[in-house]
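Read the structure below first, then the notes.
Just so it is clear, none of the values below were taken in a lab; they were calculated from the coordinates. As the structure is a computational prediction, the values presented were derived from the model and not from experiment. Heads up, the Cβs are rebuilt from the backbone with ideal geometry, glycines too, and the neighbour counts pull from every protein chain shown.
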Amino acid sequence: MKPALIRTTLGKEELPPHVENNSYFSFFSELSHSHWSVTTVETLVQMAIFLISVITNIGAFSLVVHERRRTDSTLFTLNLFVADLLFISTIPFIIAVRWTEAWTLGPVACHAVMYSICLSGSVTITTLAAISTDRLLAILKMESTPSLNLRRASGVLLLIWLFTAVAVLPLSLRECVGGNARPGGPITICTLAWPHVRGEIIWNTTFVVLGYLLPGIGIVFSYGKILQVNQNRILFPGAIELTVSASNICSHHRLIKQPFLLPEILYNYPGKQSKEQLITSVSSFIHR
């Protein structure tokens, strides 16, 4: 049977009196009593994860900053550390609820905890997609040394945070504190209550597609193309040198205006000519 929901004014909030979906998940609260030893083990494990994650992320953040590598990927990597720290900041709240069983942290924490978890998760995967795209573009642009475009990187990060913050907001607004029936008596929980099932389905589908599916596809596509480039390097050992040389001698020729010619050069490159012969061949190809 689905657990019945009891209306309550705890935290000055009331669960929707007329909802189509009367099944509520307890999220952080245990509906069945656990032995204190089980709770102790859970607490120790979560505290260990919390401490290790904090130390690791802060240490890695400091190391990356100390190296002072001025690239777009550096800023994206730092953003990953920030998102991870935001995620693990919710662990103390979860530990507290494990001991109290009922949700006693109030409605503000109820809204904030789930919001922070979903926000950090979506920011992480979107940032990973940005990193993979940045690496692919660097390879396609034949950048021998990665560069930093502060305006572009900052704009991408700002867009990621703004989009995710707005996308996750409906979830946070639907979080509320209420009473949930259980065999041992009612228990106050922090739960998610949508007024309409249709609205819940629409939001879930949209958020999963935009926040996880599309970035995931972008990651797979970008690294797939990078793998293809690496395979071409093995098949055509001098392709990179040829590409750089061709770019240098043809900066004002139609190779720049017609970049589709370059893959043809690389494809027809036999890999056994000297550097001078390669440059001569490329020049002849461009001016033919």
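For ILE139 and LEU173, compute 0.36 nm times the residue count separating them, minus their Cα-Cα distance, and round to one decimal in nm. Display every interim value, and only then the final one.
Numbers: separation 34, 0.36 × 34 = 12.24 nm, distance 4.25 nm.
Between ILE139 and LEU173, full extension yields 8.0 nm more.
Quote the FRET efficiency, to the nearest 0.05, computed for THR206 versus ARG69 with a Förster distance R0 of 35 Å and r equal to the Cβ-Cβ distance.
Details: r = 36 Å, r/R0 = 1.04.
Between THR206 and ARG69 the formula returns 0.45.
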(message) Going by amide H atoms built from the backbone, whose H comes under 5 Å of the H on ASN149, apart from near neighbours?
(response) ASP72
(request) Please give the FRET efficiency for ILE217 paired with SER154, using the beta carbon to beta carbon distance and R0 = 30 Å, rounded to the nearest 0.05. (result) 0.75
